[in-house]
Amino acid sequence: MPQSDTHWKALCAARKQQQLDAIPKAWTIDPPPDQRRNVLDVPRTCGLLTPRELEITDTVDVDTILVKLRTGQWTSVEVTTAFNKRAIIAQQLTNCLTEIFVDRALARAREVDDYLKTHGKPIGPLHGLPISLKDQFCLKGMETIMGYAGWIGRISQFDSVLVEILYDCGAVPFVRTNVPQTLQWGETFNHVFGRTTNPYNRYMTPGGSSGGEGALLAMRGSPLGVGTDIGGSLRIPSAFCGLYTIRPSYERLPYCNAVNSQEGQESVSSVLGPMANSLSGVKIFVKAIIDARPWRKDPLCIRKEWSEREYALGDHGGRGAKMCFALMWDNGVIKPHPPLFRALDMTKKALEAAGHTVIDWENHRHLEIYRNGVSILNADDGHDYHTDCALSGEPLIQTMSQTTDAHKYALDEPLAKSILGETRHLSAYELWQLHREKRALRKSHLDHWEATVSRTGTGRPIDAIISPAVGYPACPHGCNSDDFYTALCNYLDYTASVFSVTAVDKTVDHPAPPHEFRNHEDEAVYKMYDPELFDGLPIGLQLIGRTQEEEGVIAMTEVVVEALEACKRK
């Protein structure tokens, strides 16, 4: 074995063992056999969690948890302990964690409890709440490895700005979660910590790059998590794992002092956002962070206070007014699987029953937008990734497909390569031209959106677009090749949420007849659908709003979710 292979593999093995050693022995379980695919009920049946701890961790409404914490009905120590135990159960079933720091988290929880006892009031709006963090958010004195063997041993000298604000708000960071090497995959696997699986079906991916958060939250191992998104990395795991999230616009929330791949690339900015089992958690997080005035700590953060007028849908006729939503049934690149069409139809019927108008969205220059965005992200021809891999000698991962038991429709050559051909390192001037084209495409798309005023019947352009977040449910490892439903929003900087709608039902979601395939990826996605394999997996959709419209997107998502729930009650 070459020395370089020996070196990086030894580094990874030692670091993985360190992670295993961080799990309290009393919190280990006898995991079910690998053949058992759905493991969601293991926390309730394994005997590790007390009835009180199950009550705490099964509470999905973040507002309910916060009320109990700030009134002293639950202490932060007991809530943090409960979620730590459940997170470690999730780790043993799905491999969703990177950093486990039980003692540090409990010390913070005791500090929060002492403050409430001493002062008779909470520290802030997130008082005592355990929050999980994607492995990009630096915690002072701890490693931030981000899926690279060469980053093992890299100790942070500071907290990221988000973590500083979370402390100010009274929160308790308690675990960090797994990511893919490079962050640029819609799946979660790296050489240091391994592969994360989906607890709904461990043969399937939880998505990426915030896939560790997705799996952890689906297992109810965290009440609220923080991920990031440059092409769908919040929304894809949320859709695959039955969660709620929001992809905010560039620089609305503070990214300063978090680590990233491709640092310095600023045309398609990575953004951070919350992931939760309830929509309440999304709103609570976004408002708390904005109310903390993050622009005083992050020089890039936009100085825009939380707007109650926007949250009251002041730009959309006001709460209770008739709105017009446009459905994007198909983006013209990848045709969605049958359950996605059913979820869209359910949403349409629910909105119409609530008195709103629903029209079809007319796609606008999608392939041009796709080609432009991918070209910007590939402008260095992989130099950033290769540089970080070279630190240890580890190879750059070329496929997320499993080495054994690989699915036959796993794609090693995604659509981007067939569209762009062989990439090369672009000059500064060539990159500037792509930035120029991106601005023109954003203007063109904005004009197209504004022109819908002639079709809405409200006197306004459409209020939001509703589309798949991905063209399929959570899929087998190595098969998640498409991200354009989500990446469209990153390239155009549209605020977008994901909300849960339904689950695949093999008795009604029959395969569609073949269509004329647009590209090799569209063909592979079509052939991948198997009602038996996908049965029971969650189906989420995406709501797309305007740039810097976080408050309005959250409120419109509430409108949609309330309409869906009203229909389910009938």
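Using only Cα atoms, locate the centre of the range 513-538 and the centre of the range 69-130, then give the distance between them in Å, rounded to an integer.
Rounded to whole Å, the Cα centres lie 42 Å apart.
Given (1) 33, 29, 25; (2) 106, 41, 17; (3) 44, 25, 23, which label gives semi-axes √(5λ) of the Cα gyration tensor in Å as computed from the coordinates?
(1)
From Cα pairs below 8 angstrom and at least 6 apart in sequence, can you work out the relative contact order of the chain, rounded to a whole percent? Don't skip to the answer; put the middle values down first.
Details: 1248 pairs, mean separation 92.2, N = 570.
Relative contact order for the chain comes out at 16 percent.
At 222 nm, what value in deg cm²/dmol follows for the chain if DSSP H runs of at least 4 each add -39500 (n - 2.57) and the sum is divided by all its residues, to the nearest 500?
-12000 deg cm²/dmol
How much of the DSSP bridge set in the range 85-187 is antiparallel, in percent, rounded to the nearest 5?
Values: 3 of 8 bridges.
The antiparallel fraction comes to roughly 40 percent.
Evaluated at 4 °C with a viscosity of 1.567 mPa s, what Stokes-Einstein diffusion coefficient in µm²/s does the range 105-245 have when Rh comes from the Kirkwood expression over alpha-carbon pairs?
83
Tally Lys and Arg at +1 and Asp and Glu at -1 over the other residues with C-beta under 14 Å from the C-beta of Ile334: what net charge comes out?
Taking every other residue near Ile334 into account, the sum is -4.
Apply 1/(1 + (r/R0)^6) to the Cβ-Cβ distance of Thr50 and Phe517, taking R0 = 35 Å, and write down the FRET efficiency to the nearest 0.05.
On the way: r = 53 Å, r/R0 = 1.52.
Taking R0 as 35 Å, the efficiency between Thr50 and Phe517 is 0.05.
Along the positive direction of the dipole of the chain (beta-carbon charges: Lys, Arg +1; Asp, Glu -1; about the Cα centre), which of Asn490, Ala451, Asn257 reaches farthest?
Asn257
Which links in Lys283/Lys349; Lys140/Lys297; Lys117/Lys304; Lys134/Lys283; Lys25/Lys68; Lys68/Lys283 stretch past 23 Å when you go from one Cα to the other?
From the list (Lys283/Lys349; Lys140/Lys297; Lys117/Lys304; Lys134/Lys283; Lys25/Lys68; Lys68/Lys283), the Cα-Cα distance tops 23 Å for Lys283/Lys349; Lys117/Lys304; Lys25/Lys68.
Which net charge results when you count Lys and Arg as +1 and Asp and Glu as -1 among the other residues whose beta-carbon is under 11 Å from that of Lys304?
Numbers: positive: Arg252, Arg293, Arg303; negative: Glu251, Glu305, Glu310, Glu549, Glu550, Glu551.
Within the 11 Å Cβ shell, the charges total -3.
Could you please report the charge total around Ile155, scoring K, R as +1 and D, E as -1 over all other residues with beta-carbon less than 11 angstrom from its beta-carbon?
+1
Once each part is reduced to its C-alpha centroid, what is the distance from the range 135-187 to the range 284-349 in angstrom?
So the two Cα centres are separated by 27 Å.
Do any cysteines of the chain lack a neighbour Cys whose Cβ is under 4.7 Å away, and which are they?
If one checks each Cβ against the other cysteines of the chain, Cys12, Cys46, Cys96, Cys138, Cys169, Cys241, Cys256, Cys301, Cys324, Cys389, Cys489, Cys567 turn up with nothing under 4.7 Å.
By DSSP, what percent of the beta bridges with both residues in the chain are antiparallel, rounded to the nearest 5?
The antiparallel proportion sits near 65 percent.
Once the convex hull of the alpha carbons of the range 55-157 is built, what does its volume come to per residue, in cubic angstrom?
Dividing the Cα hull volume of the range 55-157 by its residues yields 114 Å³.
Just so you know, all these numbers are worked out from the coordinates, no wet-lab data involved. These numbers were taken from a predicted model, which means no experiment stands behind them. Neighbour counts run over all protein chains shown; Cβ positions are idealised from the backbone, glycine included.
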